[in-house]
2 protein chains.
Amino acid sequence: MSLDQVLARIDADLDQSIARLMDLLRIPSISTDPAFAKDCDHAADWLVDELSGLGFKASKRKTPGHPMVVAHADGPGRHLLFYGHYDVQPVDPLELWDNPPFEPRIEETADGKVIRARGASDDKGQLMTFVEACRAWIAINGSLPARLTILFEGEEESGSPSLVPFLRDNADELRAELALICDTGLFEDHIPAIVTMLRGLLAEEIVITGPDRDLHSGMYGGLARNPLHVLGDIIAGLHDEHGRVTLRGFYDGVPELPDEIRAQWQGLGFDHQKFLGAVGLSDPAGETDRTPLEMIWSRPTCEVNGVSGGYTGEGFKTVLPSQARAKISFRLVGDQDPEAIHRSFVEYVESMLPADCKAEFPLGHGAPASRMSINDPLFEQARKALSDEWGKPAAYVGCGGSIPIAGHFQDILGMDSILAGFGRDDDQIHSPNEKYALESFHKGIRSWARILATLT
Amino acid sequence: MSLDQVLARIDADLDQSIARLMDLLRIPSISTDPAFAKDCDHAADWLVDELSGLGFKASKRKTPGHPMVVAHADGPGRHLLFYGHYDVQPVDPLELWDNPPFEPRIEETADGKVIRARGASDDKGQLMTFVEACRAWIAINGSLPARLTILFEGEEESGSPSLVPFLRDNADELRAELALICDTGLFEDHIPAIVTMLRGLLAEEIVITGPDRDLHSGMYGGLARNPLHVLGDIIAGLHDEHGRVTLRGFYDGVPELPDEIRAQWQGLGFDHQKFLGAVGLSDPAGETDRTPLEMIWSRPTCEVNGVSGGYTGEGFKTVLPSQARAKISFRLVGDQDPEAIHRSFVEYVESMLPADCKAEFPLGHGAPASRMSINDPLFEQARKALSDEWGKPAAYVGCGGSIPIAGHFQDILGMDSILAGFGRDDDQIHSPNEKYALESFHKGIRSWARILATLT
């Protein structure tokens, strides 16, 4: 095998690779909207055809929702599973798109050429980096360097209702030594990164009821308990003056950052002023004794995501409302237990309630954090391959958000995942005018080719 | 003159009085909805006809909105102005009405007979108590015992946009020695009451902006300032642990309750457990060192009337929102200055803002409290007349809400008002199935007849 030949092939074939991606981008596979069910099916068929054309044994698998695509290719080495999703977000508001979302086009921008379309970055462009790497590899070498299984999901943007049952029902077929997932981004848009720490999430809602109806604040104000005041006290008390979450036992199971990771993160030279400045802020909030990167990658958080209550329309109504509501989420790390924190949250809220108010907790479900064990040498091989391609040392990074698939692979299939992707922060995934940098697509394909090369 | 004859006449004529009220209630004079402009006009015409029939010089007066009705009757004594309003609230949601809102009917209830219709209590039934008292008085005595001016407004339920200009433009015609206003209620549904203390109102809104767009809490949570947390801190800090409002200078100009009023209020035996129990509460909130009646009648308050921000729909979105909003109102007493308190509020909010958040204050307007000077002997005469009619000592009470008309009469026409009315707390004004107790209507007419008698 010759990696140089594979990379040259990728470069020579780039226009065709783009053309194939555009074919896929033209299929409006919006998974949340039943009107597009046929298009989701069409996208699955398209992928089955592509993979079959490369020599995979590919098939479309029924689920109660949109189909899965599963493909297998034999190879000499270890068994790896690649995951991506072919469904895309809805396009509303359509009037904010400069061009139709399912008519992909190449555009020149100040940051270079981009492919503009819904799904260009999330996740069609990313999953095609792997498909195109396989194509070049097979073209040059006749076969793949490892046994590969590919799983493409069609419901990632609509909560993945069929995923867990499908993994359970097909565990023997899908179980591999390691998973590869291409649904993440570069660090600061130019440094290749492998996500090894994924925070968990506990989602809570509180509904506080005081009086049994909305009251007139002129008649009852002062004397009657106002649930909006109670909610204000509850929110204010969630953090102490050092930015720490006050719930009893909240930090149980929160690990200190390993020294080697801390050193590597310090080496990244994360510019929090730039990070915050890009969204109109300047001063770090949160825990006063933690670095900004720790806060967004490896520390647990508590954020109020929504509040409502009383009159919120135009003008003014002097209502003293019966109810106040808040949605509050906790990002979890290490061994923090979502159930224990839910209990602690309920206990805290109830301790803040006056005797004649009550609280309901309609949510209170969550998932713990996951952390990849980077002992498998493929992690270091992949990191070196990425470093070689991008000309910069690739980083093991944390991820503030949750990527449930990686947790499911751990829980159900017993395997860790290498999460490597090439998106940029300004790709506008889930927003109008989504794009994927041509550089991301091109170097993404080359990155996977290099990673495949390490498997031989 | 013989008061007994007048009262007997009222009793004998009650069915006709009810029939006339029902005629007025059949006119859907909803002032906020332009579709009912003709009906408002019709109600004004109806009142002009009624008053003309009694010998008043009555006329409909144009305004930029709905017309005013002004009527004059000569009399031997002092000049008094009676005020009421003929417009009514909208009827939505219509499906919650047990009968059509503009088809009035007499119903038997556990608390006696009621007249059920939109406007029965607010304010057609109440204003008609005065008209019917005049009718009986004239029927028996041939004329009225005082010079009377009547002013009926048609925009009270839509913010009275024409009222202040009309009062200014017609001040010489409308100015009297004292006003009589029938738009309030009984105390605890059975004790006649004259409202002498009206709280003022300062309405505020704050819009707190942190990041310049909504952020993903997984990516930014912990590090980026969440305006919902800032809002929680602001709300929590508005009151101290004794329930006092913390704004600098907030209590400047707040008078202590005069001993005689305090003694009288204590004599009312206000049952705050019952008052709160009726709306599903039990424990007084507010200032820990004040009695419940003080809190709702004579103490200033600060209530959050609405909050909004972030995601508040079904399910969950882990958004870290750009903005948080709250509507907050202050009830003012004594000489509290709305402008000074607005400045103090702004100063407080800004002191709570992190450096990279900003706050806007789109409202911030208000009116001071008003207090009737009860030196005019007619106050005591009216109180005695009410006590005689209802068989219980009438009370001088406070009113938690604002009744702007009384303030306008003070400011523009230089006269105080006797605010006496016969509504009950459960009249469901502004709600479906509004009603007015037949007892309120009957004894209301008799009450005004007795008050008129004291003028001779």
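Scanning for something touching a Ser or Thr at 6+ places or on another chain (Cβ under 7 Å), among the aliphatic types (A, V, I, L, M) and at pLDDT 90 or above, does segment A:203-222 turn up at least one residue?
Yes, segment A:203-222 contains a residue that is touching a Ser or Thr at 6+ places or on another chain (Cβ under 7 Å), among the aliphatic types (A, V, I, L, M) and at pLDDT 90 or above.
Counting only residues that are out of contact with any His (no Cβ under 6 Å at 6 or more places or on another chain), assigned to a helix (DSSP H, G or I) and within 10 Å of chain A (Cβ to nearest Cβ), how many does segment B:259-309 have?
Total meeting the criteria: 9.
Being within 10 Å of another protein chain (Cβ to nearest Cβ), more than 19 Å from B:Asn226 (Cβ to Cβ) and not hydroxyl-bearing (Ser, Thr, Tyr): is that true of A:Leu320 here?
Values: within 10 Å of another protein chain (Cβ to nearest Cβ): yes; more than 19 Å from B:Asn226 (Cβ to Cβ): yes; not hydroxyl-bearing (Ser, Thr, Tyr): yes.
It is true that A:Leu320 is within 10 Å of another protein chain (Cβ to nearest Cβ), more than 19 Å from B:Asn226 (Cβ to Cβ) and not hydroxyl-bearing (Ser, Thr, Tyr).
Go over the candidates A:Ala73, A:Ala37 one by one and state the one that is farther than 30 Å from A:Asp376 by Cα, in the same structural domain as A:His408 (by TED's automatic domain parsing), of a type outside the set (Phe, Trp, Tyr) and at pLDDT 95 or above.
On the way: A:Ala73 fails: farther than 30 Å from A:Asp376 by Cα.
None of the other options fit; the residue is A:Ala37.
For every residue, the table says whether it meets (1) within 27 Å of B:Gly75 (Cβ to Cβ); (2) surrounded by fewer than 14 Cβ atoms within 10 Å (Cβ to Cβ); (3) of a type in the set (Asp, Glu).
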{"position": "B:Asp4", "(1), (2), (3)": "yes, yes, yes"}
{"position": "B:Ile10", "(1), (2), (3)": "yes, no, no"}
{"position": "B:Gln16", "(1), (2), (3)": "yes, yes, no"}
{"position": "B:Arg26", "(1), (2), (3)": "no, no, no"}
{"position": "B:Ala43", "(1), (2), (3)": "yes, no, no"}
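Farther than 17 Å from B:His216 by Cβ, facing chain B (nearest Cβ under 7 Å) and either part of a strand (DSSP E or B) or not hydroxyl-bearing (Ser, Thr, Tyr) (or both): does that describe A:Phe345?
Numbers: farther than 17 Å from B:His216 by Cβ: yes; facing chain B (nearest Cβ under 7 Å): no; either part of a strand (DSSP E or B) or not hydroxyl-bearing (Ser, Thr, Tyr) (or both): yes.
No: the conditions fail for A:Phe345.
Would you say A:Leu452 is touching a helix residue (DSSP H, G or I) at 6+ places or on another chain (Cβ under 9 Å), under 22 Å from A:Gly77 (Cα atoms) and part of a strand (DSSP E or B)?
Details: touching a helix residue (DSSP H, G or I) at 6+ places or on another chain (Cβ under 9 Å): yes; under 22 Å from A:Gly77 (Cα atoms): yes; part of a strand (DSSP E or B): no.
When the stated conditions are applied, A:Leu452 does not pass them.
Against the definition (charged (D, E, K, R), in the same structural domain as A:Phe166 (by TED's automatic domain parsing), touching a His at 6+ places or on another chain (Cβ under 9 Å) and closer than 27 Å to A:Glu107 by Cβ), how does A:Asp87 come out, yes or no? Can you show your working first?
On the way: charged (D, E, K, R): yes; in the same structural domain as A:Phe166 (by TED's automatic domain parsing): yes; touching a His at 6+ places or on another chain (Cβ under 9 Å): yes; closer than 27 Å to A:Glu107 by Cβ: yes.
Taking the combined requirement at face value, the residue satisfies it.
Can you name the residue in segment B:321-344 that is crowded, with 21+ Cβ neighbours inside 10 Å and touching an Asp or Glu at 6+ places or on another chain (Cβ under 6 Å) and, of all such residues, is nearest to A:Tyr311 (Cα to Cα)?
B:Lys327
Does B:Thr196 satisfy being hydroxyl-bearing (Ser, Thr, Tyr) and within 13 Å of chain A (Cβ to nearest Cβ)?
Numbers: hydroxyl-bearing (Ser, Thr, Tyr): yes; within 13 Å of chain A (Cβ to nearest Cβ): no.
For B:Thr196, the condition - hydroxyl-bearing (Ser, Thr, Tyr) and within 13 Å of chain A (Cβ to nearest Cβ) - is not met.
Quick check on my filter: what residues within segment B:394-413 are part of a loop (DSSP other than H, G, I, E, B), touching a Lys or Arg at 6+ places or on another chain (Cβ under 8 Å) and either modelled with pLDDT under 90 or surrounded by fewer than 18 Cβ atoms within 10 Å (Cβ to Cβ) (or both)? Before the answer, list the steps.
Our first condition is that a residue be part of a loop (DSSP other than H, G, I, E, B); within segment B:394-413, this holds for B:394, B:400-403.
From the residues that got through so far, the ones that are touching a Lys or Arg at 6+ places or on another chain (Cβ under 8 Å) too are B:394, B:400-402.
Of everything in segment B:394-413, those that are part of a loop (DSSP other than H, G, I, E, B), touching a Lys or Arg at 6+ places or on another chain (Cβ under 8 Å) and either modelled with pLDDT under 90 or surrounded by fewer than 18 Cβ atoms within 10 Å (Cβ to Cβ) (or both) turn out to be B:Gly400, B:Gly401, B:Ser402.
When the residues of segment B:414-433 are filtered to those that are touching a Ser or Thr at 6+ places or on another chain (Cβ under 6 Å) and not in a strand (DSSP E or B), which remaining residue is surrounded by the most Cβ atoms within 10 Å (Cβ to Cβ)?
Residues of segment B:414-433 touching a Ser or Thr at 6+ places or on another chain (Cβ under 6 Å): B:416, B:419, B:421-423, B:427, B:429.
Narrowing further to those that are not in a strand (DSSP E or B): B:416, B:421-422, B:427, B:429.
On the way: B:Asp416: 22, B:Gly421: 25, B:Phe422: 30, B:Asp427: 23, B:Ile429: 22.
If we take residues in segment B:414-433 being touching a Ser or Thr at 6+ places or on another chain (Cβ under 6 Å) and not in a strand (DSSP E or B), then B:Phe422 is surrounded by the most Cβ atoms within 10 Å (Cβ to Cβ).
Considering only residues that are in contact (Cβ under 8 Å) with a residue 12 or more places away in the chain and within 12 Å of chain A (Cβ to nearest Cβ), which ones fall in segment B:236-258?
Initial filter on segment B:236-258 (in contact (Cβ under 8 Å) with a residue 12 or more places away in the chain): B:237-239, B:242-255, B:257.
Matches in segment B:236-258: B:Gly237, B:Leu238, B:His239, B:Gly243, B:Arg244, B:Val245.
Here is a list of conditions, (1) surrounded by 19 or more Cβ atoms within 10 Å (Cβ to Cβ); (2) more than 7 Å from chain A (Cβ to nearest Cβ), and B:Gly232 meets all of them except one; can you say which number that is?
That leaves (2) as the condition not met.
Filter segment B:108-133 down to the residues that are aliphatic (A, V, I, L, M) and not in a strand (DSSP E or B), then identify the one that is modelled with the lowest pLDDT.
As a first pass, look at segment B:108-133 and keep what is aliphatic (A, V, I, L, M): B:110, B:114-115, B:117, B:120, B:127-128, B:131, B:133.
Now drop any that are not not in a strand (DSSP E or B), which leaves B:110, B:117, B:120, B:127-128, B:131, B:133.
Values: B:Ala110: 93, B:Ala117: 98, B:Ala120: 98, B:Leu127: 98, B:Met128: 98, B:Val131: 98, B:Ala133: 98.
Here the answer is B:Ala110.
If the requirement is being assigned by TED's automatic domain parsing to the domain that holds A:Ala171, hydroxyl-bearing (Ser, Thr, Tyr) and under 28 Å from A:Glu389 (Cα atoms), which of these qualifies: A:Ser17, A:Ser31, A:Ser59?
From the options A:Ser17, A:Ser31, A:Ser59, the qualifying one is A:Ser17.
Test of understanding: among B:Ile115, B:Ile150, which residue is over 18 Å from B:Ala35 (Cβ atoms), of a type in the set (Val, Ile, Thr) and in contact with a Pro (Cβ under 8 Å, 6 or more places away or on another chain)? Reasoning before the result, please.
Numbers: B:Ile150 fails: in contact with a Pro (Cβ under 8 Å, 6 or more places away or on another chain).
Only one candidate passes the filter, namely B:Ile115.
Yes or no: B:Gly222 within 7 Å of another protein chain (Cβ to nearest Cβ), under 30 Å from A:His272 (Cα atoms) and either of a type in the set (Ser, Thr, Tyr) or assigned to a loop (DSSP other than H, G, I, E, B) (or both)? Walk me through it before giving the result.
Values: within 7 Å of another protein chain (Cβ to nearest Cβ): yes; under 30 Å from A:His272 (Cα atoms): yes; either of a type in the set (Ser, Thr, Tyr) or assigned to a loop (DSSP other than H, G, I, E, B) (or both): yes.
When the stated conditions are applied, B:Gly222 passes them.
Within segment A:201-210, restricting attention to residues that are at the interface with chain B (Cβ under 10 Å from one of its Cβ atoms) and in a strand (DSSP E or B), which residue is nearest to A:Lys124 (Cα to Cα)?
Looking only at segment A:201-210, we keep the residues that are at the interface with chain B (Cβ under 10 Å from one of its Cβ atoms), and these are A:201, A:203-205, A:209-210.
Checking the rest, the ones that are also in a strand (DSSP E or B) come to A:201, A:203-205, A:209.
Details: A:Leu201: 26, A:Ala203: 29, A:Glu204: 32, A:Glu205: 34, A:Thr209: 46 Å.
It comes out as A:Leu201.
The values are calculated or read from the model by the stated rules, or taken from the named source; none is laboratory data. These numbers were taken from a predicted model, which means no experiment stands behind them. Every residue, glycine as well, gets a Cβ built from its backbone with ideal geometry; the counts of neighbours run over all protein chains shown.
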